[in-house]
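Take a look at the structure set out below.
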Ligand SMILES: Cc1cc2nc3c(=O)[nH]c(=O)nc-3n(C[C@H](O)[C@H](O)[C@H](O)COP(=O)(O)OP(=O)(O)OC[C@H]3O[C@@H](n4cnc5c(N)ncnc54)[C@H](O)[C@@H]3O)c2cc1C
């Protein structure tokens, strides 16, 4: 039987994660290995299995997990498979106000489109075989699928976080593509993919926390003032706090993924909460891990270093924390305002109309 994606990740990532981080790229072997093991076949694997891989990979390399998750978001979000995908929404003018900053344009001629513009921070930009691009088409913001080829240029960015996840500036100069969504509905449709990405951040947060705690584990037996570190109440309470957060997040993302598998889309509320909770868990775990490791928690090139740097990004990528809070806050206000009405508090609101997020 060929090796599955989970076995491949477990076998290779512990040894490869540091190389991915220091080279800011996956080796060709690793990329082809993941592909051969089926890590980019999200539709075939299904939502729950693909996010199981994302969580597992995040324990060692959130960057590799992100490569898988980004491609899966496009696959699951718009129903395509058969390549490695990049989602190109953010532009140099800014990512929060997607509509206000959309300058990329698409001309439609017959059944084909020509896309021209520049995208910023496109994960998987250097690996993608296909780019899902939000562009202004004849009837407004619309999604186009552009194949890697003439007129497409991806330049990797040298970030200190998620190194190796292929985050790139991608320039399209009359690149050939095809319209994939409904004319004028591109922002809504892009959000279907972004919601999968946000759910993925919940799983990445869990994986980061688990990876960090594997590093902290041996330190808990270290004797300090004659007592093992793990026997101090203050330390136990730190770990108890993480336990509560992690178990809550695990049940949230598990329920969200099975609902998504049943319904064919991620509930936006699930996605938003998973992303915030994933970021909080990972960042709190990073703080605790560095604290319990003491001075050695600051060593460069270690797993703790990598996971701590990566934890910070979860509050910016796939929508900044404040944008997510705007969305959650608006829903909450609508819900509580209506809570005195017959029928009481609604737990699931109708879709928003005012803003895309
Ligand atoms: C590692 C990484 C990977 C990424 N991958 C992708 C990708 O694959 N595809 C893609 O299209 N984009 C991607 N992005 C871009 C990401 O979606 C944007 O960075 C994000 O949406 C924020 O946009 P911005 O960076 O332009 O910041 P801006 O929009 O300029 O916002 C800056 C800051 O302003 C604050 N802010 C924004 N709105 C509000 C508000 N309403 N209220 C209060 N404060 C606010 C927030 O703190 C925000 O961080 C990625 C980014 C990173 C860092």
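The values are calculated or read from the model by the stated rules, or taken from the named source; none is laboratory data. Note that the coordinates shown come from a computational prediction; the quantities given were computed from them, not determined experimentally. No Cβ is skipped: glycine too gets one built from the backbone with ideal geometry, and neighbour counts run over all protein chains shown.
In region 61-95, the qualifying residues are those that are assigned to a strand (DSSP E or B) and within 30 Å of residue 10 (Cβ to Cβ), and the one that is nearest to the ligand (Cβ to nearest atom) is 87.
For region 96-113, the count of residues that are within 14 Å of the ligand (Cβ to nearest atom) and part of a strand (DSSP E or B) is zero.
Within region 189-214, residues that are more than 14 Å from residue 280 (Cα to Cα) have Cβ atoms under 6 Å from residues that are more than 14 Å from the ligand (Cβ to nearest atom) and at pLDDT below 95 in these pairs: 189/181, counting only partners at least 6 apart in sequence or on another chain.
The residue pairs whose first member lies in region 322-339 and is without any contact (Cβ under 8 Å) to a residue 40 or more places away in the chain, whose second member is surrounded by 16 or more Cβ atoms within 10 Å (Cβ to Cβ), and whose beta carbons are closer than 8 Å, counting only pairs six or more residues apart or on different chains, are 326/357.
Within region 170-183, is there a residue that is within 14 Å of the ligand (Cβ to nearest atom), under 30 Å from residue 286 (Cβ atoms) and touching a strand residue (DSSP E or B) at 6+ places or on another chain (Cβ under 7 Å)? Yes, because at least one residue in region 170-183 is within 14 Å of the ligand (Cβ to nearest atom), under 30 Å from residue 286 (Cβ atoms) and touching a strand residue (DSSP E or B) at 6+ places or on another chain (Cβ under 7 Å). Residues in region 146-187 that are over 17 Å from residue 316 (Cβ atoms), touching a helix residue (DSSP H, G or I) at 6+ places or on another chain (Cβ under 8 Å) and surrounded by fewer than 24 Cβ atoms within 10 Å (Cβ to Cβ): 180, 181, 182.
Being closer than 23 Å to residue 318 by Cβ, at pLDDT 95 or above and more than 10 Å from the ligand (Cβ to nearest atom) holds for only one residue in 124, 195, and it is 195.
Screening region 295-319 for residues that are without any contact (Cβ under 8 Å) to a residue 60 or more places away in the chain and over 16 Å from residue 200 (Cβ atoms) and picking the one that is farthest from the ligand (Cβ to nearest atom) gives 295.
Might you check whether a residue that is assigned to a helix (DSSP H, G or I), away from the ligand (no atom under 16 Å from the Cβ), modelled with pLDDT of 95 or more and under 16 Å from residue 293 (Cα atoms) occurs anywhere in region 246-254? Within region 246-254, none of the residues are assigned to a helix (DSSP H, G or I), away from the ligand (no atom under 16 Å from the Cβ), modelled with pLDDT of 95 or more and under 16 Å from residue 293 (Cα atoms).
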